[in-house]
Each structure stands twice: as structure tokens, then as C-alpha cells.
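Shown below is the structure under consideration.
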Amino acid sequence: MFSKASLIAAIVAAIAIAPQLVAGAPASGAVHAGAAKLQAPVIRESFTPLPCTGKPNDRSTLQQEGCAEQQILRTEARINTLASSVFGRLPDRAAKVRFITAQRAWLTYRRADCLSLSDVFEGGSQAPVLDSQCAADRNQQRIKDLRTFLTDLGGTG
């Protein structure tokens, strides 16, 4: 796994290059007439997921991390589907830009918050497990939020 310093540097870089993390809007976030067509934001993880093996109460830290990573990928697939549905129901370009900005900010928050929570085990083998489990948990809440948003827009969550 990465050192705490390299993860913090990655988060700072992520904020600077957010369009690569959640695609869809111009880097400036500006709304220009005739600007490129906006697309629904998509979360793409850069890690290679570990396998989820072993019995739930008898897993090594690597197995625990793998199971959490698998959960992250499953929940992100659902987030991406819901985000696409929400995006398609937004009334205009400005609303779409705001939604893309919100998705980027949420992802940046999730990464920073989970990294901070993992500080309890900084330097230990449980730190990446807690970080991954936190991300999976935050994703579950985001799914609920996006379902509510979609329902409010007149769609089905």
C-alpha cells in the first residue's frame, strides 16, 4: 500500500486534476456557450482490487482489504448508474455542471475523510483496511442520497 505522505499528496493532486477522477466537465468548471458536451460523472478507481477470500470472521488484513475493495467497486458501479440517471434528468447545462462539481467534491471528501479515519492505525496493516471499509460505507450513503435526488427529479431510484 501507499505511505500516508504519498496518499496525502495524491489527494492534493486529485483536487488539482479532479476532471481525471470524475469526468464530465471542463477543468475550469465554467459554463460557456458552445463548450464541449457534458457527460455524466464516472468514478474510476486506480487500484487493482485484491480478492475477497476467507471466512468473514477469519480473514487476514489483506483479505479484509480485498473484500472492502470489492465492495467499493460494486457500490461505485451503482453510484455511476444513479449519477447517469440523475444527470440525464437535470434541466439544463448549469444544473449539470453543478452536479458534476458536487460529485467531484463528494469524491474528494470521501477520500480525505477515510484517509483521516485510517490515521487511527497509521503505519499498521489495519490502516488500509479501515480506509477501504470507510470508502465502501461512504459509497452506501451516496447511493441513498442519489436515489433520493433521482426520486425528487421524478425518476425511480
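The values are calculated or read from the model by the stated rules, or taken from the named source; none is laboratory data. The structure displayed is predicted, hence computed values, not measured ones. Cβ coordinates were reconstructed from backbone atoms using ideal geometry, including for glycine residues, and neighbour counts include every protein chain displayed.
Residues A127, A112: which one is crowded, with 17+ Cβ neighbours inside 10 Å, closer than 18 Å to E69 by Cα and out of contact with any strand residue (DSSP E or B) (no Cβ under 8 Å at 6 or more places or on another chain)?
The match here is A127.
Now for a different question. Being under 27 Å from T156 (Cβ atoms), acidic (D, E) and within 14 Å of the chain's Cα centre (by Cα) is the requirement here; does D131 meet it?
Spelling it out, it is not the case that D131 is under 27 Å from T156 (Cβ atoms), acidic (D, E) and within 14 Å of the chain's Cα centre (by Cα).
Can you say whether T156 is out of contact with any Ser or Thr (no Cβ under 8 Å at 6 or more places or on another chain) and outside any helix (DSSP H, G or I), as far as the supplied structure shows?
Yes.
Something else about it: When residues of the range 40-65 are filtered for being touching a residue at least 24 places away in the same chain (Cβ under 8 Å) and under 23 Å from R78 (Cβ atoms), how many remain?
8
Continuing with the same structure: May I ask you to list the residues in the range 82-103 that are in contact with a Leu (Cβ under 9 Å, 6 or more places away or on another chain) and either more than 16 Å from F149 (Cβ to Cβ) or among the acidic types (D, E) (or both)?
R93
Additional query: For L62, are the conditions met, namely being assigned to a loop (DSSP other than H, G, I, E, B) and over 13 Å from the mean Cα position of the chain (by Cα)?
no
Continuing with this model, one more query. Inspect all residues belonging to the range 26-40 and state whether any of them is over 13 Å from A135 (Cβ atoms), at pLDDT 95 or above and among the hydroxyl-bearing types (S, T, Y).
Within the range 26-40, none of the residues are over 13 Å from A135 (Cβ atoms), at pLDDT 95 or above and among the hydroxyl-bearing types (S, T, Y).
Within the range 83-139, count every residue that is among the charged types (D, E, K, R), assigned to a loop (DSSP other than H, G, I, E, B) and either modelled with pLDDT under 95 or closer than 23 Å to S46 by Cα (or both).
Of the residues in that region, 1 qualify.
Here is a further query. Across the range 70-82, which residue is surrounded by the fewest Cβ atoms within 10 Å (Cβ to Cβ) among those that are within 13 Å of A40 (Cα to Cα) and touching a residue at least 12 places away in the same chain (Cβ under 8 Å)?
If we take residues in the range 70-82 being within 13 Å of A40 (Cα to Cα) and touching a residue at least 12 places away in the same chain (Cβ under 8 Å), then N80 is surrounded by the fewest Cβ atoms within 10 Å (Cβ to Cβ).
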